[in-house]
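Right, one structure below, let's go through it.
The values are calculated or read from the model by the stated rules, or taken from the named source; none is laboratory data. Nothing here was measured: the structure is a model prediction, and the numbers come from that model. Every residue, glycine among them, receives a Cβ derived from its backbone with ideal geometry; neighbour counts consider all protein chains shown. The accessibility values were calculated without ligands, DNA or RNA, using every heavy atom of the protein model including side chains. Shrake-Rupley method; radii C 1.70, N 1.55, O 1.52, S 1.80 Å.
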Amino acid sequence: MDILAQTLRKEGFFALYKGMASPLLGIAGVNSLLFASYGISRRLISPFPQLSLKETALAGAMAGAANAILASPVEMFKVRMQGQYGAATDQRLREVVRNMWKQWGFRQGIMRGYWVGAVLP
């Protein structure tokens, strides 16, 4: 409870929701990509509607790998936003994205953690 009191005192009520912009903006895209890629994966594996357990697992793995393409940046931005501690230098989501792109680029910045998300759901 002490951390809650400290956060409220130092950063205010809205600090409890810091880092929520990225998931709120990205969750619709992440979920639609997951369901669409799962349906496509099922049809790629077998033209028949009934799949075996192995085929279902493979379709799920393919969908998860596709889903990580969008979920990885969403989570990365959320973590970056939540890791700020109420200083005057705290950045908004737009600034976090811009700085990550400028400092590390797409592959090592924006998509950092993709393989972890694709391999370890």
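Screening Q103 against (1) more than 17 Å from the chain's Cα centre (by Cα); (2) open to solvent by 50 Å² or more (accessible area, probe 1.4 Å); (3) closer than 28 Å to I3 by Cα leaves a single unmet condition, (3). Would you confirm, using the coordinates I've provided, whether A87 is of a type in the set (G, A, S), exposed (fewer than 12 other Cβ atoms within 10 Å of the Cβ) and over 11 Å from the mean Cα position of the chain (by Cα)? When the stated conditions are applied, A87 passes them.
Scanning the stretch 13-36 for residues that are farther than 18 Å from P73 by Cα and without any contact (Cβ under 8 Å) to a residue 60 or more places away in the chain yields a total of 6. Looking at R80, R94, just one residue is open to solvent by 100 Å² or more (accessible area, probe 1.4 Å) and among the charged types (D, E, K, R), and that residue is R94.
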